[in-house]
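Here the structure comes first, spelled out in structure tokens, and everything after it is commentary.
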Amino acid sequence: MRKEERNSKKSSATSNKHKQYLEMVTSFLEIEYGLQVVFERDGETALFHERRGIIPGDFIIVNNRVTRQRQLYLLLHEAGHVLLRESEKEHKRRYPAAVVHGSRPTRAHKIDTLREEVMAWEKGREIAADFQIPIDDSVWHSMVTSALYKYLEWSKRA
Ligand SMILES: [Zn+2]
């Protein structure tokens, strides 16, 4: 077997694994929270929610233009947000300024947003551990870095 063939076999096997993990996390969110996960080409990956807590009808969009590994890590991060927002009361206590009322974001809003973003990545990692999903530390770290950097830049501009 040629090297390229071996590589493509290996990558399709890995991709299949990632597909299975994506299905595991997707069914967990659907069963536990009644949350729909939609995979959309060039979609904006995010948790779309009506209110502070999670209610039926809320959903997650995952951009499926990126590799399955990245889709999985993004979904784990969004699932982390779901866990953080499971109890509206607890979320309000931990991140009182995460939800904006006025026009311009306050310092508190920026900091609470950043804190929730950091925690959602950490929670995502815990969910992966619970489901025994192996994580590539260096890919995970680079995704966390670029995601958090965007929020950092936003916090300076806003
Ligand atoms: Zn996030």
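Pairs of alpha-carbon atoms within less than 8 angstrom and 6+ residues apart define the contacts here; what relative contact order does the stretch 3-157 have, in percent?
18 percent
Looking at the chain as a GNM with Cα springs under 10 Å, which of GLY53, GLY43, GLY124 has the largest mean-square fluctuation?
GLY43
At a Cα cut-off below 30 Å, give the lysines reachable from LYS9, other chains included and same-chain residues fewer than 8 away excluded.
LYS17, LYS19
Show which lysines lie in cross-link reach of LYS150 when reach means a straight Cα distance below 25 angstrom and same-chain residues fewer than eight apart are skipped.
Once the sequence-local lysines are set aside, what remains near LYS150 is LYS92, LYS110, LYS123.
Looking at the stretch 108-158, which chymotrypsin sites (Phe, Trp or Tyr not before Pro) are DSSP coil and have at most 16 other C-beta atoms within 10 Å of their C-beta?
Answer in residue order: PHE131.
Given N residues in the stretch 3-157, what is its alpha carbon radius of gyration divided by 2.2 N^0.38 Å?
Relative to the 2.2 N^0.38 Å estimate, the stretch 3-157 comes out at 1.10.
Any read-out appearing in this document is the output of simple, stated calculations on the displayed coordinates, not a laboratory observation. Because the structure is a prediction, the values reported are computed rather than measured. Every residue, glycine as well, gets a Cβ built from its backbone with ideal geometry; the counts of neighbours run over all protein chains shown.
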